[in-house]
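The values are calculated or read from the model by the stated rules, or taken from the named source; none is laboratory data. Predicted model, so just to flag it, every value in this text is computed and none were measured. Cβ placement follows ideal geometry from the backbone for every residue including glycine, while neighbour counts extend to all protein chains displayed. For the accessible areas, the whole protein counts, side chains as well, though only heavy atoms, and no ligand, DNA or RNA atoms are used. Shrake-Rupley method; radii C 1.70, N 1.55, O 1.52, S 1.80 Å.
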Amino acid sequence: MSAMTFSARDIKDVTTTGTECAILPLFHGAKLSGAALKLDKASSGAIKSALALGDFSAKSGEILMLPGVGAIKRILLLGCGDAKKFDRAGARKFCQQVYRALESKQATKAMLHLAGLGLKEKEAVWTLTYLARHLVASSYRYTETVSKPKTPWKLSRLVVNTSGAVSSRAASDALRQGRATGIGVNEARNLANLPGNICTPSYLANHARKLGRNNAKLKVTVVEEKKMRELGMGALLSVSAGSDQPAKLIVMQYKGGKATDKPHVLVGKGITFDTGGISLKPGAKMDEMKFDMGGAASVFGTMRAVADLGLGINVVGIVAAAENMPSGGATKPGDVVTSMSGTTIEVLNTDAEGRLVLCDALTYASRFKPASVIDIATLTGACVVALGSQASGLFANDDTLAEQLLAAGTDTHDRAWRMPLWDEYQGQLKSNFADLANIGGPGGGSITAACFLSRFTEDYTWAHLDIAGSAWDSAPKGATGRPVALLTRYLMDRAEK
Ligand code: BES
Ligand code: MN
Ligand code: ZN
């Protein structure tokens, strides 16, 4: 998808190595040094002059494009504000400035003189990881169903001059990780943005098979409805009952670790369109329910990043794909279905379908003897009410796993916030006619949804990410690719252990 390439090296002759755009981060009030000083001299004092004239004072967010010298076509000064206050928020802002400035000039090749940021190795690595991901993800454009898409500008190459600020090896690894994450994010966005008439459960299954063909370490199998029936997946099947599209349980096994290493399992909600079923949703914004496979999309994106990076761990991606439609065959409110685990469920509301497809997928996950299981789902409107779009809701039956995921979210700025899973909430799921009701009443809707799932995850370490608020934006409308960055970081951390 992205041909963008990144590399890092220590460039000695900064004034003669050609580029379309030399990027110089500068702090407010700081003396010129390193590459900035050399480029200033080579351009007969153009940088010092801009500073002296007040055309540029390196305040945070300030940008000045200067004419270049020789093989360097332009010099881009990026203001980073007060050096003492330059934190990760500042570094993110810097990355956004880099993208905007390069885009404004449609520059396809650029060179970043990193030393100007004065970062210690750890922060330099973080910044380069974020930069590569940001540049790749920012270049994403949806073109799939547009008849004459504009050919977008794309940066083709960024060279980072490390000037000893960080080892070229560490810088290259950071760029590689950020790039793979960005490609994974774009993969998730592209799948989620596809309309429901194209992106059906069968489409997702074929997409998985394609990923499998492209990577020798990725084995893909698809459980069809016939097999689901044999396995007793009555909950999953109750959701696709009203649809002409057959449900698919897609299993992607990535084997990068030892055969005996327990896998990390990701389970994605893949409702390719959610009408609500017989408990039909209101019409307003119903189109956005094509994004109800955002959890599945994030599993695809993460599997792609993991496979691209060749991480030395085992990961299983499971996607529970179905379409939730009303028809003569659809499940009705009050129907009781039996899940694969044997637990019977009274379907009081057919719009609470995510937990129905997930519970059987979570039971299925047991067979992999997982190190941990994380499900990702656009599960509840209540989660949007509770957390808005900034944080994904995190629920877990294990504190260590919860902390690892929160840390991965903070690191990538793809943040999650932990919510309670207290036993006291479980009572809301009581049913007079089955072991469990599929809704828990008006209060704490995202929590009771998570409580429902917790009844199927008792024999392993488990976390649930409710991404109903974070998976897409309504204006401008489009998938965000969250939480691919969080998940990829989490898995990279496991691989580094
Ligand atoms: N996919 C929806 C959740 C959703 C709604 C996500 C709006 C993002 C925006 C889910 O299947 C659903 O319909 N949940 C119901 C559950 C309720 C019936 C208990 C909801 O949140 O209203
Ligand atoms: Mn629903
Ligand atoms: Zn749904």
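Based on protein heavy atoms only, the chain ends up with 40 Å² per residue of surface accessible to a 1.4 Å probe. Cross-link check: pairs Lys31/Lys73; Lys38/Lys122; Lys210/Lys258; Lys227/Lys262 evaluated at a Cα-Cα cut-off of 28 Å; no pair lies beyond the cut-off. Please tell me which of these pairs span more than 25 angstrom C-alpha to C-alpha: Lys12/Lys59; Lys109/Lys150; Lys109/Lys219; Lys93/Lys255; Lys154/Lys477; Lys84/Lys105? From the list (Lys12/Lys59; Lys109/Lys150; Lys109/Lys219; Lys93/Lys255; Lys154/Lys477; Lys84/Lys105), the Cα-Cα distance tops 25 Å for Lys12/Lys59; Lys109/Lys219; Lys93/Lys255; Lys84/Lys105. Rounded if a/c is under 1.5, else prolate if a/b beats b/c, else oblate: with a ≥ b ≥ c from the C-alpha gyration tensor eigenvalues square-rooted, which is the stretch 194-496? Note, shape of the stretch 194-496 comes out rounded. Within the stretch 207-263, the trypsin sites (Lys or Arg not before Pro) that combine a DSSP coil assignment with at most 14 other C-beta atoms in a 10 angstrom radius are Lys258. When both the stretch 390-429 and the stretch 45-66 are represented by their alpha-carbon centers, they are found 45 Å apart.
Computing FRET efficiency as 1/(1 + (r/R0)^6) for Thr108 and Ala259, where r is the C-beta to C-beta distance and R0 is 41 Å, gives about 0.40.
Could you please state how large a percent of the accessible area of the stretch 307-441 is carbon and sulfur, counting protein chains only and using a 1.4 Å probe?
On the way: 2690 of 5180 Å².
The nonpolar share, carbon plus sulfur, comes to 52 percent.
For the chain, the mean residue ellipticity at 222 nm estimated from helices alone is -11500 deg cm²/dmol, where every DSSP H run of n ≥ 4 contributes -39500 (n - 2.57) and the total is divided by all residues, rounded to the nearest 500. Once the Cα atoms are used to define both axes, helix 445-454 deviates from the longest principal axis of the chain by about 70 degrees.
When Ser33, Ser431 are compared by accessible surface with a 1.4 Å probe, the order from highest to lowest is Ser33, Ser431. Put a dot 7 Å past the Cα of Trp153, heading toward its Cβ, do the same for Lys226, and the two dots end up 5.4 nm apart. In this rough spin-label picture, where each label sits 7 Å from Cα along the Cβ direction, the Phe433-Arg418 distance is 3.9 nm. Kirkwood-type hydrodynamic radius, the stretch 5-176: 16.2 Å, calculated from all non-identical alpha-carbon pairs.
Annotation for Arg9 and Asp173: the two label points, set 7 Å from Cα along the Cα-Cβ direction, are 2.1 nm apart.
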